[in-house]
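S.K.: Please read through the structure below; I'll follow up with questions.
Just so you know, all these numbers are worked out from the coordinates, no wet-lab data involved. Worth saying up front: this structure is predicted, and the values here are computed from it rather than measured. Please note: Cβ atoms are built from the backbone with ideal geometry, for glycine as well, and neighbour counts cover all protein chains shown.
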Amino acid sequence: MLEIRDLSKVYASPADRTAGLVTALDSVSLSLTAGEFVAVQGSSGSGKTTLLLAAGGLLAPSGGTIAFQGQNVYAMSPGARARWRAQCLGFVFQQFHLIPYLSVLDNVLAPALACPITNARGRATELLEQFGLLARASHVPSELSTGEQQRTALARALVHRPQLLLCDEPTGNLDEQNAQAVSKCLAEFHRQGGAVLLVTHDTGVAAMAQRSLSLQSGRLVSRPSP
């Protein structure tokens with residue numbers, strides 16, 4: 001489904017642009033089949049978020065290729081790439097990125113603005129009930145706990161039934177109970193045939209994956225299978 005080959009990303013140093021370049025990703029190669037769950041672990045600054053943004057068509061790489069079902073993502077026009085993201089991908093960000101003035105229900109329904117969703121309101125309500133958020137449907141994000149915000153973000157990512165879910169530290173801001181709730185949601189999506197690419201420093205979440213890799217200073221290395 002997803003084929004990453006020799007991916008590199010280089011930035012100018014943000015602190016001192018005369019100091020040279022910073023290599024965030026260095027010749028990273030990774031493949032993900034339909035229905036597979038892959039975790040990438042690494043410390044802060046190892047390149048995990050850069051990898052996920054590039055894989056999702058949100059950050060053009062400095063070198064290498066990313067293909068989804070055989071199609072080069074960065075050979076698409078910007079409009080075609082946006083449609084691909086809207087139709088095929090779900091994103092779960094560490095910082096949630098909920099729209100502050102929309103209710104929980106309307107945040108979950110937001111992807112319907114980018115692509116048609118059959119019975120969108122019914123699907124959103126079903127997810128809110130599944131994630132224990134139905135009583136919060138009319139609340140805005142500032143009225144939610146951190147765990148409720150993350151579950152809202154996860155429901156939003158799933159509402160259009162994506163083929164691939166990209167998750168950036170989805171439990172990084174959560175206590176143990178909420179982290180387990182989010183982990184169960186990811187596992188259920190995978191059991192139903194969805195593919196998951198997750199980056200995390202949480203070994204407990206990574207243990208759910210079929211395959212675990214480690215990103216160290218921009219390079220991928222294998223880890224023992226969970």
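S.K.: Give, to the nearest whole percent, the P(r) tail of the stretch 183-224 beyond 15 angstrom, counting all Cα pairs.
M.R.: The share of Cα pairs beyond 15 Å in the stretch 183-224 comes to 43 percent.
S.K.: Something else about it: Please state, as a whole number in µm²/s, the translational diffusion coefficient that the Stokes-Einstein equation yields for the stretch 102-198 at 4 °C and 1.567 mPa s, with Rh defined as the Kirkwood radius across alpha carbon pairs.
M.R.: For the chosen part, D equals 96 µm²/s.
S.K.: Related question: Near Asn119, within a Cβ-to-Cβ distance under 12 Å, what is the net charge of the other residues, with Lys and Arg +1 and Asp and Glu -1?
M.R.: With Lys, Arg at +1 and Asp, Glu at -1, the net is +2.
S.K.: Tabulate in residue order the Karplus-calculated ³J(HN,Hα) for the stretch 106-115, using 6.51 cos²θ - 1.76 cosθ + 1.60 with θ = phi - 60°, rounded to whole Hz; enter x for Gly and Pro.
M.R.: Each residue's phi maps through the Karplus curve to give 5, 4, 5, 7, 3, x, 5, 6, 9, 8 Hz.
S.K.: Over the alpha-carbon set of the stretch 24-69, divide Rg by the Kirkwood Rh and report the Rg/Rh ratio to two decimals.
M.R.: The Rg/Rh ratio comes out at 0.93.
S.K.: Got a sec? How would His139, His160 order by Cβ neighbour count within 10 Å, fewest to most?
M.R.: His139, His160
S.K.: In addition: Could you run the Karplus curve 6.51 cos²θ - 1.76 cosθ + 1.60 with θ = phi - 60° over the stretch 185-193 and give me ³J(HN,Hα) per residue in whole Hz, x for Gly and Pro?
M.R.: For the stretch 185-193, the Karplus curve yields 5, 5, 4, 5, 4, 5, 4, 7, x Hz.
S.K.: Tell me, His190, His201 in order of fewest to most beta-carbon neighbours within 10 Å?
M.R.: In increasing order of surrounding Cβ atoms, one gets His201, His190.
S.K.: Quick one: net charge of Asp26's neighbours, Cβ under 11 Å, K/R +1, D/E -1?
M.R.: +1
S.K.: Check Gly64: other-chain or 5+ apart residues with amide H under 5 Å from its amide H, H built from backbone geometry?
M.R.: Long-range HN contacts for Gly64: Ser8.
S.K.: Give me Cys167, Cys185, Cys88, Cys115 sorted ascending by neighbouring Cβ count inside 10 Å, so fewest comes first.
M.R.: Cys115, Cys88, Cys185, Cys167
S.K.: P(r) for the chain: what percent of alpha-carbon pairs falls in each 5 Å bin, starting at zero?
M.R.: Bins of 5 Å from zero give 1, 7, 15, 18, 19, 16, 12, 8, 3, 1, 0 percent of pairs.
S.K.: Now for a different question. Summing -39500 (n - 2.57) over the DSSP H runs of n ≥ 4 in the chain and dividing by its residue number, what mean residue ellipticity at 222 nm do you reach, to the nearest 500 deg cm²/dmol?
M.R.: On the way: 7 runs with 69 residues, N = 226.
That calculation yields -9000 deg cm²/dmol at 222 nm.
S.K.: Show me, for the stretch 206-212, the HN-Hα J-couplings you get by feeding each phi into the Karplus relation (A = 6.51, B = -1.76, C = 1.60, θ = phi - 60°), rounded to Hz, glycine and proline as x.
M.R.: Per-residue couplings from phi come out as 4, 5, 6, 6, 6, 9, 10 Hz.
S.K.: While we're here: With charges set only on the Cβ (+1 for Lys and Arg, -1 for Asp and Glu), what does the dipole of the chain come to about its Cα centre, in debye to the nearest 20?
M.R.: 520
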